[in-house]
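**Q** Attaching a single structure in structure tokens format; questions to follow.
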Ligand SMILES: Nc1ncnc2c1ncn2[C@@H]1O[C@H](COP(=O)(O)OP(=O)(O)OP(=O)(O)O)[C@@H](O)[C@H]1O
Ligand SMILES: [Mg+2]
């Protein structure tokens, strides 16, 4: 069972919102006892997911939670948007897949490799929800 | 009746002003370090005059009335200038709110024998002044937002300096988050500096960048390609150990780019490319 010990919500509408969120993640991750490497990895994953929301869905909401499960503690981030959704999630999770010729198509698969747990649910026409967890080692 | 309030204020002006100033001076929120008592007096008197000139039983229930234009402008000017001077919102709001206390005091002594009217006017004056104090807050915040947006654009300018570190070598330290506006400025400033200084090597130092995500990486790749198109070479320095790991995890290919752990290492590499040698001077050379 996952127990949530603190939670904050932020709406993501501008690049400044993303920058602010990353600062908060760093502070909360440090407070949870995550090391610099884990902190920076989590921030980078968050940067990818928040910017995807901004770019593909125009806006969204982020949840930043301190959680524990048994003796483990960690950070859970959830990104929820009501944008167009992703038709083929497996495809979108592949390295190099992108619908934007300007991009590298590494955001989603890269974010997955930067965290301990990663879940994505997307429905076309409804939106996308991505949840990631980084545990303190 | 029409001019009752106006007349009352005019008649009681001296008392109003003195009492209001007393209230402000007595308050712990007064910033006598930011404003002299002469200034405070002048501002307070102006506000009282602007209110006295127009207040009637008609417009007292309508703070949006054009009658109050002068007063609103005056209050807006005061809160913007206070925002710039560094007053807190509380200190700025108290300026208007303390006027309410004073007005009600005066009203109370004037209308001691007419409780019905006193009650009526008390309610109305309170509402009116509350309304002005809300506008004061709004303007104050707007003043602060203007300051913030000006600072943001200043930061964008000053946070992308290009330094000529050697003849033929320019360096640009990047500090802070790179949003789209800044990435554009970074690229333009660097390319321009290469042309202006006739340099053949550019060093982009990212030690001060919080992290490298796909967008920052892509921007770095683009900047390197653009410098190459101009016949120069670009070295990326300041890759911290965690950043190196993240770049690998993201699967970003930086193998075509010369990367170095520190600015010193990048400079060393650049000297090598320019066939420059830095060495310690022989001890004897000087004494001989
Ligand atoms: N929140 C979202 N809503 C709708 N579509 C999305 C969302 N996130 C990702 N996608 C789709 O999935 C594709 C892959 O996303 P991913 O983040 O991996 O790469 P990218 O954003 O295209 O490029 P990069 O992140 O490397 O700059 C995107 O091109 C887009 O079509
Ligand atoms: Mg992306």
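The values are calculated or read from the model by the stated rules, or taken from the named source; none is laboratory data. Owing to the predicted nature of the structure, the values given are computational and were not obtained by experimental measurement. Virtual Cβ from ideal backbone geometry, glycine too; neighbours counted across all protein chains shown.
**Q** Would you please name the residue that is nearest to ligand 2 (Cβ to nearest atom), looking only at residues in region B:203-219 that are over 29 Å from the mean Cα position of the chain (by Cα) and under 21 Å from residue B:180 (Cβ atoms)?
**A** Among those that are over 29 Å from the mean Cα position of the chain (by Cα) and under 21 Å from residue B:180 (Cβ atoms), it is B:214.
**Q** Another question, if that's okay. Could you grab the pairs with beta carbons closer than 7 Å, sequence gap of 6+ or different chains, first residue in region B:168-179 and away from chain A (no Cβ under 14 Å) and under 18 Å from residue B:259 (Cβ atoms), second one in a loop (DSSP other than H, G, I, E, B) and modelled with pLDDT of 90 or more?
**A** B:169/B:199; B:170/B:162; B:170/B:199; B:172/B:162; B:174/B:209
**Q** Shifting gears a bit: Inside region A:72-94, can you point out the residues that are over 21 Å from residue B:250 (Cα atoms), within 11 Å of ligand 1 (Cβ to nearest atom) and touching a residue at least 40 places away in the same chain (Cβ under 8 Å)?
**A** A:80, A:81, A:82, A:83, A:84, A:85 - these are the residues of region A:72-94 that are over 21 Å from residue B:250 (Cα atoms), within 11 Å of ligand 1 (Cβ to nearest atom) and touching a residue at least 40 places away in the same chain (Cβ under 8 Å).
**Q** Only one residue in B:243, B:252 is within 10 Å of chain A (Cβ to nearest Cβ) and touching a strand residue (DSSP E or B) at 6+ places or on another chain (Cβ under 9 Å), so which one is that?
**A** Just one listed residue meets the conditions, B:243.
**Q** Please go through (1) under 30 Å from residue A:26 (Cα atoms); (2) at pLDDT 85 or above; (3) part of a helix (DSSP H, G or I) for residue B:134 and return the number of the only condition it doesn't satisfy.
**A** It fails just one condition, (1).
**Q** Name every residue in region A:88-104 that is within 10 Å of ligand 2 (Cβ to nearest atom) and part of a helix (DSSP H, G or I), in order of residue number.
**A** A:92
**Q** Which count do you get for residues in region A:26-45 that are more than 8 Å from chain B (Cβ to nearest Cβ) and closer than 22 Å to residue A:71 by Cβ?
**A** 11
**Q** OK, next. Go through (1) within 13 Å of the chain's Cα centre (by Cα); (2) within 7 Å of ligand 1 (Cβ to nearest atom); (3) away from every other protein chain (no Cβ under 11 Å) one by one and return the number of the condition residue A:62 breaks.
**A** It is condition (2) that residue A:62 fails.
**Q** Within region A:37-75, track down each residue that is surrounded by fewer than 20 Cβ atoms within 10 Å (Cβ to Cβ), outside any helix (DSSP H, G or I) and within 15 Å of ligand 2 (Cβ to nearest atom).
**A** Of everything in region A:37-75, just one residue is surrounded by fewer than 20 Cβ atoms within 10 Å (Cβ to Cβ), outside any helix (DSSP H, G or I) and within 15 Å of ligand 2 (Cβ to nearest atom), namely A:58.
**Q** Starting from residues that are surrounded by fewer than 21 Cβ atoms within 10 Å (Cβ to Cβ) and touching a residue at least 40 places away in the same chain (Cβ under 8 Å), keep the ones in region B:180-218 and report whichever is farthest from the other protein chains (Cβ to nearest Cβ).
**A** That would be B:200.
**Q** When residues of region B:258-288 are filtered for being at pLDDT below 95 and in contact with a helix residue (DSSP H, G or I) (Cβ under 8 Å, 6 or more places away or on another chain), how many remain?
**A** So the answer is 2.
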